[in-house]
Amino acid sequence: MDRAEVDSRIRTLIEPFNKKGIAVGEDTGFANDLEFDSLTVMDFVAAIEDEFDIIISMNQQAAIETYGQLVDAVTKMVSDA
Amino acid sequence: MSEGISQSDRPQEIEGDSGDLFSKFDSLIAMRENLLSGGVEDPFNLVMEKVISPTRAICNGRDTILLGTYNYMGMTFDPDVIEAGQQALADFGSGTTGSRVLNGTYQGHKECEEALKEFYGMDHAMVFSTGYQANLGIISTIAGKGDYVVLDIDSHASIWDGCKMGDAEIVPFKHNDIEAMEKRLRRIPEGAGKLVVLEGVYSMLGDIAPLAEMVKVAKSHGAMVLVDEAHSMGFIGEHGRGVAEAQGVMDDVDFVIGTFSKSVGTVGGFCVSNHPKFEIMRLVCRPYVFTASLPPSVVATAATSIRKLMQGSNKRAHLWENSKTLHGGLKALGFELGTDEPQSAIIAVIMPDLERGAAMWEALIKEGLYVNLARPPATPANMTLLRCSLCAEHSEEEVQTILGMFERAGKAVGII
């Protein structure tokens, strides 16, 4: 699966969590821009894990601050699997 | 409010505060200031001037019924427990001044571990200086680099801190969600070590875990299982061993973590296990090794209390009656509760927001009732809760008195 497809799938998944309808770009931050709290993060991560059948541990999540970093990380996990 | 706290709420401004490491607490300081400026009595600064019994104390100058102490079995003033503590204090002194692995293991520590082995019917028991350290130590030590810890998102701070201190991959799942847990276990790379961490009773809402199913699922994926039974010891399960016993899965639980600071009525923590190599923990578990052991009087009171809890079935039955009466009564008054049915000795009353929660807490303390005010981030879903924990020593009349206090306070604050 290429990066563009991962991007498009995650873009669909993020919609219900993007309550303020913020325009999501590569540099959009989950904590700063989207204001995700810990419970939202858990639900959003679970949605991605289910979509791609992967596991993203909290240790891995700690290194993901922006939307672009998330797409990169998931693309890598999917291609490594 | 103590002087120390009032000063910290009125901090001196530091010139050009870019270097002030305390600026990260500004929002919390402002929230507290805002809450207390309304004249509310500080819920986090209560002083008990005199303790009369497990259920009564003089708090901030008022005769108060205690309904938020976790003193479930009322062992703190048991005459046998007090006598054992006094004797040990006289015979062994006020403290050990040493680690368990050096000069800090006395006869009393071994006797306490024997009592735990008997209580749980397990081969090994290890006593820590607090329950917090038991979780911190066991979790961070047994799950190492490359291993996975799968845990409930509503786990206690000591479990999270144990995860943070260790080197394992941490994977949380939605509270009490068996399917969410199963999915995560299934996706863990083959060959990786797995530890599933669960609690018997979750202390914020007082709900219990579906351990029978969860432990079965964890085992089918080859995981080891650790269950924290801090809030169930002494009164849930036929022998008071906890929710795992009540649901018939005790034999599949690899590690039970518990505390002496609730039903046992003193302070300390422990882990019991049947793992054949468990004793090596005493040498490799840093929160066990690098701290002083419990004072002789504490382990003597704990051992005596644990042995008495083995014969506590009448008290257990009365505690359950209290829990049912309070839950049913509060529900009938129109309060929103954490669980539909009483599942433990904790009844959580859900407040509409922090302001009204604090006002309700204050109205209750003025009525002469102490409960715990719990607020985010300690609570799930950012709820504000008034947590009530019942004691086997609360009389039927006291529970009725408590309901009357809740009714008056709830109407005064406009919650019911």
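Taken together, the values in this text are just the output of simple stated rules run on the coordinates, not laboratory data. None of these values were measured; they are calculated from a predicted model. All Cβ positions, glycine included, derive from the backbone under ideal geometry; neighbour counts span all protein chains shown.
Among the GluC sites (Glu not before Pro) in segment A:23-81, those located in a DSSP loop and surrounded by at most 15 other Cβ atoms within 10 Å of their own Cβ are A:E26, A:E35, A:E65. Distance from the alpha carbon centroid of segment B:272-299 to that of segment B:201-217 works out to 26 angstrom.
If only the Cβ of Lys and Arg carry +1 and only the Cβ of Asp and Glu carry -1, the dipole of the protein assembly as shown around its Cα centre is close to 1020 debye.
Computed about its Cα centre, the charge dipole of chain B is approximately 520 debye, with only Lys, Arg, Asp and Glu carrying charge at their Cβ. Taking all C-alpha pairs of segment B:77-309, those more than 24 Å from each other amount to 41 percent. Between B:D340 and B:R62, the simple label model (points 7 Å from Cα in the Cβ direction) yields a spacing of 3.5 nm. Dipole orientation for the protein assembly as shown: of the candidates B:A378, B:A244, B:P54, B:P54 has the Cα lying most toward the positive pole (charges on Cβ; Lys, Arg +1; Asp, Glu -1). Placing a label point 7 Å from the Cα of B:D167 along the Cα-to-Cβ line, the residues of segment B:268-284 whose backbone N sits under 17 Å from it are B:284.
Computed from the Kirkwood radius of its Cα pairs, the Stokes-Einstein diffusion coefficient for segment B:221-290 at 10 °C and 1.306 mPa s stands at 121 µm²/s. Over all other residues within a Cβ to Cβ distance under 9 Å of B:V289, the charged ones net out to +3, with Lys and Arg as +1 and Asp and Glu as -1. Shielding of B:46-54 by partners, i.e. mean partner chain Cβ atoms within 10 Å per residue? That works out to 0 on average.
Both radii come from the Cα set of the protein assembly as shown: Rg as radius of gyration, Rh as Kirkwood radius; their ratio Rg/Rh reads 0.98. Beyond 41 Å, what share of the Cα-Cα pairs of chain B remains, rounded to the nearest whole percent? When every Cα pair of chain B is considered, 17 percent fall beyond 41 Å.
In a DSSP loop and with at most 10 other Cβ atoms within 10 Å, the GluC sites (Glu not before Pro) in segment B:150-195 are B:E190. Listed from fewest to most Cβ neighbours within 10 Å, the set B:M126, B:M360, B:M75 follows the order B:M126, B:M360, B:M75. Only aspartates and glutamates eight or more places from B:K366 in sequence, or on another chain, were considered; those with a Cα closer than 12 Å are B:E41, B:D63.
Judged by the ratio a/c of the largest to the smallest principal axis of the C-alpha gyration tensor, segment B:30-185 counts as oblate, that ratio being 1.5 or greater while a/b is no larger than b/c.
Based on Cα contacts under 8 Å between residues 6+ apart, segment A:3-80 shows a relative contact order of 43 percent.
Per residue, the average separation of C-alpha pairs within less than 8 Å and at least 6 apart gives chain B a relative contact order of 21 percent. So in the protein assembly as shown, what percent of DSSP beta bridges are antiparallel if you round to the nearest 5? Close to 60 percent.
The region of chain A that goes longest without hitting one of the trypsin sites (Lys or Arg not before Pro) in a DSSP loop, each with at most 15 other Cβ atoms within 10 Å, is A:21-81.
Computed over the Cα atoms of segment A:3-80, pair by distinct pair, the Kirkwood hydrodynamic radius stands at 12.5 angstrom. Contact order for segment B:77-309, expressed relative to its length and based on alpha carbon pairs under 8 Å spaced 6+ residues apart, stands at 32 percent.
Bridges between two residues of segment B:77-309, per DSSP, are antiparallel at a rate of about 45%.
When both segment B:17-42 and segment B:390-416 are represented by their alpha-carbon centers, they are found 32 Å apart.
Please identify the longest segment of chain B free of exposed trypsin sites (Lys or Arg not before Pro), where exposed means a DSSP state other than H, G, I, E or B and no more than 13 other Cβ atoms within 10 Å. The answer is B:1-144.
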